[in-house]
Structures are given as structure tokens and as C-alpha cells.
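Encoded as C-alpha cells, the structure appears first; notes follow it.
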């Protein structure tokens, strides 16, 4: 085995874990952006459903969401029902806003 081949092996050995770590990095959700998305797309329906108090849908004693995955699934269902085309990062923004301000899961 020549020296160049050994150097290449060592570079790969150190570079590969770095690449794997980098690929696992996610960007933090933006709850302020989630609030804007929520208010523009969800508020009117929730106001109608909850007799004028849209926040009641999140704070009622019999709420259905009890986990972060449940919240993510509910936001996804609602966005589909309303017909908004939020990409995954925007769904996460809304989930973060709702969790931070109401659910605290």
C-alpha cells in the first residue's frame, strides 16, 4: 500500500463521520412564521368551530392531541383539508408555534 492510498484512507475515515453528522442536522422550526401561517390559514375555521374563540380548540379539556407526532399529524390533516400547500418545514413551523403556545408536549 503506497503512502497516497493510506492518506486517502485516513481522510475518508475522518471525513465520512463528519458528512453523516452534517446530514442529520435539521434546522430549527420558526414559531413566529408558524403563527403567521396559522393565523392566515387556520384561524377562521377554528373561530367557526369553537363559537368565536379559536384558541379553545387547543385548550379544551377533551382535546385529541396528546403527543408531538399527534400534533404533527393533526396539522397535516388540517392543511390538507384547507388546501394549503405547506412544505414540511412550514408544517414544522406551525407545529412549533402550537406546541410552544398551547400544547407544551
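Quick notes
- Filtered residues of segment 66-91 (kept if touching a residue at least 40 places away in the same chain (Cβ under 8 Å) and in contact with a helix residue (DSSP H, G or I) (Cβ under 8 Å, 6 or more places away or on another chain)): 82, 84, 86, 90
- Condition met for residue 40 (within 18 Å of the chain's Cα centre (by Cα) and at pLDDT below 95): no
- In segment 52-65, the residues that are more than 16 Å from the chain's Cα centre (by Cα) and either closer than 13 Å to residue 102 by Cβ or at pLDDT below 95 (or both): 53, 54, 55, 56, 57, 58, 59, 60, 61, 62, 63, 64
The values are calculated or read from the model by the stated rules, or taken from the named source; none is laboratory data. None of the values given here were measured: they were computed from a predicted structure. Note that we place each Cβ from the backbone using ideal geometry, even for glycine, and neighbour counts take in every protein chain shown.
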